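Below are the structure tokens for one structure; questions will follow.
The values are calculated or read from the model by the stated rules, or taken from the named source; none is laboratory data. As the structure is a prediction and not an experimental result, all values here were calculated from the model. Every residue, glycine among them, receives a Cβ derived from its backbone with ideal geometry; neighbour counts consider all protein chains shown.
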Amino acid sequence: MTSGFTRESVAQISEFQNEPPWMLERRIQAFQIFEQLPLPKTNDESWRRTDIRGLNLEQFQLVTSNKSQTNGRYSELFSGVEEQENSGLIVQNDVSVIHSTLSDFLINKGVYFSGFKTALDERPDLLENYLCQTIQSTENKFNAMHNAFLQSGYVLYVPKGVVIDFPLRVIVSLSGESTADFSHTLIIADDESQVTILEEHLSVDQQGQGLHCGGVEIFLGRNAFVNYAQVQNWNKKVWNFSTQRAKLERGANLRWITTSLGSRLSKLDQLVEMNGEGSHADLLGLTATHARQHIDIHTYQKHAVSNSTSNLLYRNVLKDRSRTVWRGMIEVDKGAQKIDSYQQNDNLILSKRARADTIPGLEILADDVRCTHGATAGKIDQEQVFYLMSRGLSYNQAEQTIVNGFFESVLQRIPLEYLRNQLQKSIVGKLQLN
Amino acid sequence: MSDNLVINNLRVNVAGGEILKGLSLSVKSGEIHALMGPNGCGKSTLANALMGHPNYNVDSGSVTLNEIDVLELGPDERAKLGLFLAFQYPTAIPGVTLANFLRMAVSAVRIVDGNDAATTSLVPMREFRKELRGKMEELGVDDSFARRYLNDGLSGGEKKRAEVLQLAMLEPKIAILDETDSGLDIDAIKVVGESVNQLVGPNLGVLIITHYPRLLNYIKPHFVHVILDGRIVESGGWELAERLEAEGYDAIREKHGVEFVQQTDPKLDAPIQI
């Protein structure tokens with residue numbers, strides 16, 4: 001372990017990962033930008049509602065030495081997570097992969113699914129072409145930091161025409177005190193392929209603080225179909241920053257489900273680019289906050305070409321003194337006609353001291369498009385509570401029933417039963433916390 | 001054991017305005033009472049106050065069920081005690097299926113101790129499904145009903161049938177039907193009336209609150225009461241309902257010297273189709 005996000009640390013990481021020279025070069029480039037950029041302040045429009053003055057980077061430590069990798073231990077840490085037939089599972093703890101499997105059936109079809117470090121060894125071609133292509137260091141200090149220090153996460157490549165029926169699962173976990181984690185998700189779904197990924201971010205220990213400065217990149221080839229669900233369930237001492245990008249080629253279809261349950265503070269920046277005609281993205285979001293949690297999500301639906309569609313529904317439930325921010329943007333580029341694009345954010349506020357900001361936005365440079373947005377924020381309806389209580393439910397049960405119903409309209413858009421059930425389980429677990 | 005709901009000299013205000021002005025009534029198991037009156041006389045106020053709606057404030061008087069003070073209890077505890085209200089306007093709960101909700105409700109009223117979300121054990125799924133299916137069949141309710149969201153996107157008639165289905169599943173001691181016929185066409189009233197008729201028996205006391213005597217053609221009450229300006233002004237048997245049908249409320253109003261008071265409740269009766 002070493003503290004200090006220094007150039008020496010960059011070199012150390014690169015050396016212990018035994019990286020190709022291009023990777024070190026990229027890191028150093030990103031590091032130089034990291035050094036120059038200040039931490040974002042609230043006078044920056046996209047950080048106006050998220051104050052990170054309480055964040056002290058010096059408190060967090062990089063992992064720069066090899067930790068022992070214990071196979072099988074994951075089952076003790078994460079009961080209920082099992083390997084499934086014809087599927088794959090990667091479990092990562094404090095930046096080390098402690099379990100990684102992919103069924104022979106999928107290996108034989110040419111699927112590649114592996115932790116970042118192994119991928120760097122085995123498939124440097126994939127990484128050199130795709131890694132961090134969409135995460136610009138110059139955009140903000142966290143992006144630069146991610147690009148300079150990333151050392152974990154996973155790579156998934158699904159070859160042309162390969163259809164994976166059962167969801168692949170990934171667990172990214174933190175257990176060490178003050179660990180800084182820069183996990184990266186790289187998903188490349190080649191033409192005509194289909195895959196579902198369920199990725200969970202968890203804390204093993206509810207006390208240890210941590211920093212996650214992550215990145216997600218999803219590339220969908222022509223007519224590829226990807227379901228990607230990320231469940232962020234860190235403990236309440238973890239700072240979570242994540243830049244997430246998806247690019248869709250012609251006819252590609254992405255269903256992206258973002259579940260934000262944990263962390264002390266979370267800032268998520270999500271961009272989906274419809275770059276090919278006939279491409280479509282469904283963006284679903286479920287956020288539940290309590291205590292003094294702060295979750296800020298920025299979504300961006302970019303339509304670069306004609307005849308592409310997207311549909312966003314984010315729903316937040318807030319308790320206690322928690323706060324959520326949702327800022328959405330639909331951009332339709334000049335000449336991109338026949339666009340259908342929607343965004344909707346609804347907030348259910350369960351306490352007087354919770355606060356939800358919802359800011360939809362449109363930027364349309366074409367004339368033959370249909371884009372709409374909507375936003376709501378409201379308290380729980382006391383008539384609904386009375387109705388349920390008149391049938392014998394306690395106030396808490398009534399409230400929970402209404403909240404479940406509120407999330408159900410998001411979940412019902414997920415036609416995959418296994419995935420829906422897993423998400424439901426995580427949400428129920430969260431809502432039972434008080 | 002015979003159950004007995006006793007309402008004694010009940011006074012209730014809504015947002016400071018007194019609506020019930022000393023209403024007394026008692027309903028025993030096996031009895032069917034009809035409470036009739038024009039709009040704005042306090043019928044729905046009685047229903048809501050009996051069930052414990054927070055906007056209906058009891059100023060004085062008492063309500064007991066088997067000598068237990070009902071007014072001290074929250075709506076959920078009243079339900080567990082055996083009170084049931086079939087709503088005039090059932091509230092929609094989007095995203096919650098009737099079956100899931102009913103399983104929670106049935107579990108809550110049957111398993112009286114430990115009513116917290118985290119601790120309540122639910123009645124076994126298999127057992128519950130069997131029972132629900134049975135009741136739905138008896139009442140002639142379509143199977144798909146169970147999977148639909150609670151009162152969400154249902155027609156007026158479907159909502160009332162859902163209320164009756166809940167009544168059948170929860171097996172209360174005393175059921176209050178608030179304007180169950182409002183907004184229904186004559187065919188729907190027949191269906192709902194016949195369903196309720198299947199449920200009445202020696203173990204259930206029923207209070208039917210209604211403006212029109214139409215529903216009473218299907219569920220014949222033993223007792224009929226007329227409410228005007230927050231009080232019961234006349235009680236009798238079936239002949240009283242017949243008299244109302246023939247003469248309307250004006251004759252009774254004149255007899256008791258009650259000025260016509262416009263309904264203060266902003267909810268208007270849904271249109272009546274005959």
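Inspect all residues belonging to the range A:417-424 and state whether any of them is within 13 Å of another protein chain (Cβ to nearest Cβ), at negative phi, outside any helix (DSSP H, G or I) and without any contact (Cβ under 8 Å) to a residue 60 or more places away in the chain.
Checked the range A:417-424: no residue is within 13 Å of another protein chain (Cβ to nearest Cβ), at negative phi, outside any helix (DSSP H, G or I) and without any contact (Cβ under 8 Å) to a residue 60 or more places away in the chain.
Tell me, which strands (runs of 3 or more DSSP E) wholly within the range B:1-84 include 2 or more residues that are within 30 Å of B:Ile252 (Cα to Cα), in contact with a strand residue (DSSP E or B) (Cβ under 9 Å, 6 or more places away or on another chain) and of a type in the set (S, T, N, Q)? Break it down stepwise before answering.
Details: elements: B:4-14, B:17-28, B:32-36, B:56-65.
It comes to B:4-14, B:17-28, B:56-65.
Check B:Val123 against each of (1) without any contact (Cβ under 8 Å) to a residue 60 or more places away in the chain; (2) out of contact with any strand residue (DSSP E or B) (no Cβ under 9 Å at 6 or more places or on another chain); (3) more than 14 Å from chain A (Cβ to nearest Cβ); (4) of a type in the set (A, V, I, L, M, F, W, C) and name the one condition it does not meet.
(3)
What number of residues within the range B:140-164 satisfy the criterion of being assigned to a helix (DSSP H, G or I) and under 11 Å from B:Ala99 (Cα atoms)? Write out each step before concluding.
We begin by selecting, within the range B:140-164, every residue assigned to a helix (DSSP H, G or I); these are B:143-147, B:156-164.
With under 11 Å from B:Ala99 (Cα atoms) added as a condition, the list becomes B:143-147, B:162.
The number of residues fulfilling the criteria is 6.
Can I ask one more? Collect the residues in the range A:374-416 that are of a type in the set (A, V, I, L, M, F, W, C) and more than 12 Å from every other protein chain (Cβ to nearest Cβ), keeping them in residue-number order. Walk me through how you get there before you give the answer.
As a first pass, look at the range A:374-416 and keep what is of a type in the set (A, V, I, L, M, F, W, C): A:375, A:377, A:380, A:385-386, A:388-389, A:393, A:398, A:402-403, A:406-407, A:410-411, A:414, A:416.
Those that are of a type in the set (A, V, I, L, M, F, W, C) and more than 12 Å from every other protein chain (Cβ to nearest Cβ): A:Ala375, A:Ala377, A:Ile414, A:Leu416.
Restricting the search to the range B:82-97, which residues are more than 7 Å from chain A (Cβ to nearest Cβ), among the aliphatic types (A, V, I, L, M) and either free of Cβ contacts under 8 Å to residues at least 40 places away in the same chain or crowded, with 23+ Cβ neighbours inside 10 Å (or both)?
Correct list: B:Leu83, B:Ala86.
For the range B:141-179, which positions are among the small types (Gly, Ala, Ser), closer than 25 Å to B:Glu31 by Cα and out of contact with any strand residue (DSSP E or B) (no Cβ under 7 Å at 6 or more places or on another chain)? Step through it out loud before you land on a result.
Step one: list which residues in the range B:141-179 are among the small types (Gly, Ala, Ser), which gives B:144, B:146, B:153, B:155-157, B:162, B:168, B:175.
When the remaining residues are screened for being closer than 25 Å to B:Glu31 by Cα, the result is B:162, B:168, B:175.
Within the range B:141-179, B:Ala162, B:Ala168 qualify.
Scan the range A:160-170 residue by residue and report those that are of a type outside the set (Lys, Arg) and either assigned to a loop (DSSP other than H, G, I, E, B) or buried (at least 22 other Cβ atoms within 10 Å of the Cβ) (or both).
Of the range A:160-170, the ones of a type outside the set (Lys, Arg) are A:161-168, A:170.
If the condition is that a residue be of a type outside the set (Lys, Arg) and either assigned to a loop (DSSP other than H, G, I, E, B) or buried (at least 22 other Cβ atoms within 10 Å of the Cβ) (or both), then A:Gly161, A:Val162, A:Ile164, A:Asp165, A:Phe166, A:Pro167, A:Leu168, A:Val170 are the ones that fit.
For the range A:29-40: of the residues being in contact (Cβ under 8 Å) with a residue 60 or more places away in the chain and not in a loop (DSSP other than H, G, I, E, B), which is farthest from A:Ser266 (Cα to Cα)? Can you show your working first?
Of all residues in the range A:29-40, those in contact (Cβ under 8 Å) with a residue 60 or more places away in the chain come to A:29-31, A:33-34, A:37-40.
Checking which are not in a loop (DSSP other than H, G, I, E, B) leaves us with A:29-31, A:33-34.
On the way: A:Gln29: 26, A:Ala30: 22, A:Phe31: 23, A:Ile33: 23, A:Phe34: 20 Å.
Step by step, filter the range A:29-40, then rank; the result is A:Gln29.
Let me ask something additional. Quickly run through the range A:380-416 and pick out the residues that are outside any helix (DSSP H, G or I) and either touching a His at 6+ places or on another chain (Cβ under 9 Å) or among the β-branched types (Val, Ile, Thr) (or both).
Of the residues in the range A:380-416, the ones outside any helix (DSSP H, G or I) are A:380-381, A:390-394, A:412-416.
Across the range A:380-416, the qualifying residues are A:Ile380, A:Ser390, A:Ile414.
Do we have A:Asn316 as surrounded by 21 or more Cβ atoms within 10 Å (Cβ to Cβ), away from chain B (no Cβ under 12 Å) and either touching a Lys or Arg at 6+ places or on another chain (Cβ under 9 Å) or among the hydrophobic types (A, V, I, L, M, F, W, C) (or both) here?
Numbers: surrounded by 21 or more Cβ atoms within 10 Å (Cβ to Cβ): yes; away from chain B (no Cβ under 12 Å): yes; either touching a Lys or Arg at 6+ places or on another chain (Cβ under 9 Å) or among the hydrophobic types (A, V, I, L, M, F, W, C) (or both): no.
In short, no.
Mind checking whether some residue in the range A:352-369 is within 19 Å of B:Gly153 (Cα to Cα), surrounded by fewer than 18 Cβ atoms within 10 Å (Cβ to Cβ) and either among the small types (Gly, Ala, Ser) or modelled with pLDDT under 95 (or both)?
No, the range A:352-369 has no match at all.
Now a separate question. When the range B:186-223 is examined, which residues are found to be more than 21 Å from B:Asp142 (Cβ to Cβ) and part of a helix (DSSP H, G or I)?
Correct list: B:Pro213, B:Arg214, B:Leu215, B:Leu216, B:Asn217.
Residues in the range B:127-142: is at least one at pLDDT 90 or above, over 28 Å from B:Tyr89 (Cα atoms) and of a type in the set (Asp, Glu)?
yes
If B:Asn115 meets every condition in (1) among the polar types (S, T, N, Q); (2) surrounded by 13 or more Cβ atoms within 10 Å (Cβ to Cβ); (3) modelled with pLDDT of 95 or more apart from one, which number is that one?
(3)
Next up: From the list A:Arg355, A:Arg391, exactly one residue is of a type outside the set (A, V, I, L, M), farther than 26 Å from A:Ser308 by Cβ and without any contact (Cβ under 8 Å) to a residue 12 or more places away in the chain. Which is it? Can you show your working first?
Numbers: A:Arg355 fails: without any contact (Cβ under 8 Å) to a residue 12 or more places away in the chain.
Step by step, each of A:Arg355, A:Arg391 is checked, and only A:Arg391 is of a type outside the set (A, V, I, L, M), farther than 26 Å from A:Ser308 by Cβ and without any contact (Cβ under 8 Å) to a residue 12 or more places away in the chain.
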